[in-house]
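Below you'll find the structure, written out as structure tokens, and then a few comments.
The values are calculated or read from the model by the stated rules, or taken from the named source; none is laboratory data. Note that the coordinates shown come from a computational prediction; the quantities given were computed from them, not determined experimentally. Methodologically, a virtual Cβ is constructed for each residue, glycine included, from the backbone with ideal geometry; neighbour enumeration extends over all protein chains shown.
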Amino acid sequence: MAELTLLEAVNAALAHELAADEDVVLLGEDIGVNGGVFRATAGLQERFGAKRVLDTPLAESLIAGMAIGMAAEGLKPVAEIQFMGFIYSTMDQIINNASRLRNRSRGRLTCPMVLRAPFGGGIHAPEHHSESTESMFAHIPGIRVVIPSSPMRAYGLLLASIRDPDPVVFLEPKRIYRLVKQEVPDTGDAATLDVCFTLREGGDVTLVSWGAMLHDALQAADQAAALGISVEVVDVATLKPLDMQTILDSVTKTGRCVIVHEAARTAGFGAEIAANLAEHGLLSLFAPVERVTGYDTIMPLYRLENHYMPGTGQIVRALKRAVEYE
Amino acid sequence: MALAVFNLPDLGEGLADAEIAAWHVAVDEEVARDQPLVSVATAKAVVDIPSPYAGKIVKLGGAVGDIVETGRLLVEFETADGSAAGPAPESADKGTVVGAVAVGNDVVEETAISVGKRGAGVKATPAVRALARRANVDVSHVTPSGKDGTITAADVRRVAGILNELGPMESLRGVRRVMAQTMALAHADVVPVTLVEDADIEAWSEFDVTIRLVRAIVAGCRTEPALNAWYDGHAIGRRVLKKIDLGVALDTEDGLFVPVLRDVGNRAPDDLRQGLEAMRRAVEARDIPPEELRGQTITLSNFGMLGGRYANPVVVPPQVAILGAGRARAEPVIVNGEVAARHRLPLSLTFDHRAVTGGEATRFLMAAIEDLQKPE
Amino acid sequence: MSVVAKFEIHHRRYLDERGEPVGELPEFTCKPETVIELYRGMVLTRAFDEKAVALQRTGKLGTYASTLGQEAAAVGLGRAMQEHDVLLPTYRECGVQLMRGVRMLELFLYWGGDERGMDFAVPRRDFPVSIVVASHIVHAVGVAFAMQYRNQARAAVPVFGDGATSKGDFYEALNAAGVWKLPVVFMGINNGWAISVPRTAQTACETLAQKAIAAGIHGEQVDGNDAIAVYQVCREALERAYRGEGATLIEALTYRLGDHTTADDATRYRAADDVEHYRSVEPLARLKAYLINAGAWSDDEDRELHEQIRAEVENAAHAYLDSAPPTPQVMFDYLYESLPPVYADQRSSVGQDDDADG
């Protein structure tokens, strides 16, 4: 059986769907001959040909806009933006067009496309290669925002995203692309979209996160357990639409919540979760909702990167504060 | 093993030779590629030359101070394989174009976590639980078919299919909903023990079961006030109450109502009768105000009106006791050594053993029975 | 030093300003039916356009972008396209849309602020109106890719103005269509103005057609007020695309006789005599003159046609004015294939919580 990294799981899902569905076409810069700069699409052009795994000119707006046209004609394009730092050139297409095509035409035309991009910091990269602005996309009606945190969920959620009839922005946490392996059988089974995954059960405090920070969250939960704190860990996975019910049910049980994201604090997606908790979960809360986040600064270049990225120590301290609050 | 020869390269602008200024390696030394080999002085400058190969130094082409011509031997190597020949091999695929992506070898498993309260031993992975959530299936009700008692996705889909065929679930509202929530709460907190005994009511002159039961409860509370109390499980404390506000369980079309007859210890039987009647009417007319459904200090469940003998009725916190009465019936009993037919009333007393001892409960029950056994 | 590339841009016209043939006419004109269809289409377009402006001025329609003066460019293209082609229009292509079977009622609904207008009964695969300048041109590349991928003899036709040719999306699209030899007919309708910015301030190029050279595709210019020329050039470009010979950029020269939209006042930036000059060379008059000279049309028939068209337009306008507004819940019904349950509460609260009139 296959033990795959998150990256290999992405590759496996793409390969599976290319084989299963003739309408699936991949496009992006350097994805064909080079197999993608992270090798997410390695071997796919050899297997499926240059007409299904396209090396595009260097033009992000084209990549996203073309995917819209392809999707409207019934293909299932999976477009890659090489880094989230370059995704901003596609915002016009995604926000003004992809998210609105179904609505604008009253369902006559639809947009079943996936826009994938590696995102997040922690790999000591040059400027613009460590972006974590997922909350900007989560704000947009008409799209889905999906972020896997493990090889198995990357495989399942990517399959689900490709099969979904509406646009999906699929952000891959590059820091954990190769960090761990997991048994990922190539069954072609899609994971469930629009739900949070409870990774660990606990009774004292709910720890909510997504993407690479989940790795640190689980470590923090272990450390907290040694201190006698029982932590329930929730992986949001689909940021939009948000399954708030799972989080509320958890907080009803524990009474305390810590949200972790590497994105900058203000208007980060943690704010949406916290607002929802205040709105619907106030009566269950024994302590203020804690957010452990990146600073409201620009991601520094790599010499200071470790100061910016939230660490397990910070998370554990937040868990303690939540539990000890009087 | 291969022998590789490194000649003095053209250091630029057609310089013909260079003088060895300093050696940085010695014969028999293992060197790495790019490791500084030698400094040579040309007509223009001192130039450091790095090693083009990895391997062992076999021979040096001269001593410090010697002049070496361009293209003549500088260093001879013994290399591990043929890698010395030809250009340096391609650098390993780093799998990124910027930065460094950490590579780990740990294999993680997503463990199936226990589902349902009290560690029933049934497990499901997060993905399966998420699927169940989406399909509106209560995971704790799914029979697992995976190894180690794990619920699989197929199990969830099977149950979802069954439920779909059965049609939509009826959402419980109003009194039924309250009952569901209250009983669940009671079950979670209370430690119930039920005591059963019968009262001999052969001597009764008139058959007014409910009022006699109310009086019996009052008698019980006078003997053992501990059963008329409110218990706080968090603080581990109790309030023994002077006033007896009796909850009377009533079964209606809509469900179970438990209105409160106030201060039964200080009211005459007729007053009680009227009070009961008024309560019944109000409940039937769905007219009973919420305050009248709150504040019970002890409860009576006269289920015998419908049938049945013994039960273990549920104590609803913060109360600590509930008396259940079954249907009165004629039975053969031994009286004075002989079998006789006597009318008897079966009683079941459930008490919360966190707050009440067996002795207290028994004495309460015996006092109640003593009162019940009086002719009037 | 050696010359490694040169280019030529050809300009096509078959009728002069007065409708007199210049040189040999294309074969399709031998039978007048097609030309009459072109003329009818232009009359319809102008009548619809006038009605739309009138409705806006009387508060019955939202902001509207008039196509006055550009009818030949639109109708020539619309008639040349086949049913199976895909049109990607901007907000000034009602002429093309009407030729392709979009109903006037649908257009009135759209401009009246109702998305149902873009749910065309036909053609089902044409794109809805695109407001963001040039963003739809890259969509056309995707549409054409799908056609090529499936080996279909169809073309994607994005229509855009002179302003759009300055946008990044325009260049990215042209470039991609070139490198992949996609079946796209890039229809640039150069009406001389991007709101208040004249064509000469838009680019240093002598022609917009020559931007094709930068993308390595075929480019040519046509007199956009000569319906016969527009039709012929478009047909050739479409055939080229169907045969797999790649993309074409067409620059149709015309003039925007109206304001940018009903909210604009062009007198702020245009000289009256300029506008008058262009009004004198407008496309309907010249095609009518040609038809009459060719003996294929008469003033009586013209009067009859105008009455007929006027009645059709009135009917459509009435149908629009009589139509009931959509129920507000519908705001939620086309976000996703099925509305995620998390938004159900918001959907049911519509109409109760807000201040809109019932």
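The figures follow:
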{"read-out": "Conditions (1) surrounded by fewer than 22 Cβ atoms within 10 Å (Cβ to Cβ); (2) part of a loop (DSSP other than H, G, I, E, B): number failed by A:Met299", "value": "(1)"}
{"read-out": "Selected residue [of a type outside the set (Lys, Arg), surrounded by fewer than 24 Cβ atoms within 10 Å (Cβ to Cβ) and at the interface with chain A (Cβ under 10 Å from one of its Cβ atoms)] from C:Gln148, C:Gln210", "value": "C:Gln148"}
{"read-out": "Test: residue in the stretch B:151-166 that is of a type outside the set (S, T, N, Q) and in contact (Cβ under 8 Å) with a residue 60 or more places away in the chain", "value": "no"}
{"read-out": "Odd one out for C:Thr90, checked against (1) touching a strand residue (DSSP E or B) at 6+ places or on another chain (Cβ under 9 Å); (2) farther than 24 Å from C:Gly258 by Cα", "value": "(2)"}
{"read-out": "Subset of the stretch C:145-167 [of a type outside the set (Lys, Arg) and closer than 19 Å to C:Glu251 by Cβ]", "value": "C:Ala155, C:Ala156, C:Val157, C:Pro158, C:Val159, C:Phe160, C:Gly161, C:Asp162, C:Gly163, C:Ala164, C:Thr165, C:Ser166"}
{"read-out": "Helices (runs of 4 or more DSSP H) enclosed by the stretch C:1-108 - at least 1 residues per element that are within 14 Å of another protein chain (Cβ to nearest Cβ)", "value": "C:94-99"}
{"read-out": "Residue under evaluation B:Arg327, criteria (1) out of contact with any Leu (no Cβ under 9 Å at 6 or more places or on another chain); (2) closer than 19 Å to B:Thr210 by Cα; (3) not aliphatic (A, V, I, L, M), criterion not met", "value": "(1)"}
{"read-out": "Test: residue in the stretch A:16-34 that is part of a helix (DSSP H, G or I), of a type outside the set (D, E, K, R) and facing another protein chain (nearest Cβ under 9 Å)", "value": "no"}
{"read-out": "Residue count, the stretch C:145-167 (criterion: modelled with pLDDT of 95 or more, more than 18 Å from the chain's Cα centre (by Cα) and either under 17 Å from A:Ala59 (Cβ atoms) or of a type in the set (A, V, I, L, M) (or both))", "value": "4"}
{"read-out": "Count - residues of the stretch B:26-49 that are modelled with pLDDT under 85, surrounded by 13 or more Cβ atoms within 10 Å (Cβ to Cβ) and assigned to a strand (DSSP E or B)", "value": "1"}
{"read-out": "Filtered residue count, the stretch A:238-271, keeping only those that are surrounded by 23 or more Cβ atoms within 10 Å (Cβ to Cβ), over 20 Å from A:Ala138 (Cα atoms) and within 11 Å of another protein chain (Cβ to nearest Cβ)", "value": "0"}
{"read-out": "Search result, residues across the stretch C:1-38 that are surrounded by fewer than 16 Cβ atoms within 10 Å (Cβ to Cβ) and among the basic types (Lys, Arg)", "value": "C:Lys6, C:Arg18, C:Lys31"}
{"read-out": "Subset of the stretch C:114-136 (residues that are facing chain A (nearest Cβ under 8 Å) and part of a helix (DSSP H, G or I))", "value": "C:Glu115, C:Arg116, C:Met118, C:Ser135, C:His136"}
{"read-out": "Sole residue being among the hydrophobic types (A, V, I, L, M, F, W, C) and more than 28 Å from the chain's Cα centre (by Cα), chosen from C:Leu339, C:Leu253, C:Leu257, C:Leu284", "value": "C:Leu339"}
{"read-out": "Residues that are of a type in the set (S, T, N, Q) and more than 8 Å from chain C (Cβ to nearest Cβ), drawn from the stretch A:35-74", "value": "A:Thr41, A:Gln45"}
{"read-out": "One residue from B:Glu170, B:Glu206 being closer than 20 Å to B:Phe303 by Cα, in a loop (DSSP other than H, G, I, E, B) and out of contact with any Ser or Thr (no Cβ under 6 Å at 6 or more places or on another chain)", "value": "B:Glu206"}
{"read-out": "Helices (runs of 4 or more DSSP H) within the stretch A:75-184 that include 2 or more residues at the interface with another protein chain (Cβ under 7 Å from one of its Cβ atoms)", "value": "A:91-96, A:101-104, A:151-163"}
{"read-out": "Pair list, Cβ < 7 Å and 6+ apart or interchain, from the stretch A:81-93 residues that are touching a residue at least 40 places away in the same chain (Cβ under 8 Å) to residues that are buried (at least 20 other Cβ atoms within 10 Å of the Cβ) and among the aromatic types (Phe, Trp, Tyr)", "value": "A:Met84/A:Phe119"}
{"read-out": "Qualifying residue in the stretch C:269-288 (condition: over 30 Å from C:Ile9 (Cβ atoms) and loosely packed, with under 14 Cβ neighbours inside 10 Å)", "value": "yes"}
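Residue by residue, here is whether (1) more than 14 Å from chain A (Cβ to nearest Cβ); (2) of a type outside the set (Asp, Glu); (3) farther than 21 Å from A:Arg106 by Cβ holds:
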| residue | (1), (2), (3) |
| --- | --- |
| C:Arg310 | yes, yes, yes |
| C:Val313 | yes, yes, yes |
| C:Ala316 | yes, yes, no |
| C:Gln329 | no, yes, no |
| C:Asp333 | no, no, no |
| C:Pro340 | no, yes, no |
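So that you can scan it fast, the table gives a plain yes or no per residue for (1) over 16 Å from B:Asp208 (Cα atoms); (2) of a type outside the set (A, V, I, L, M); (3) out of contact with any Cys (no Cβ under 9 Å at 6 or more places or on another chain):
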{"site": "B:Ser301", "(1), (2), (3)": "no, yes, yes"}
{"site": "B:Pro313", "(1), (2), (3)": "yes, yes, yes"}
{"site": "B:Ile322", "(1), (2), (3)": "yes, no, yes"}
{"site": "B:Glu338", "(1), (2), (3)": "yes, yes, yes"}
{"site": "B:Ser348", "(1), (2), (3)": "yes, yes, yes"}
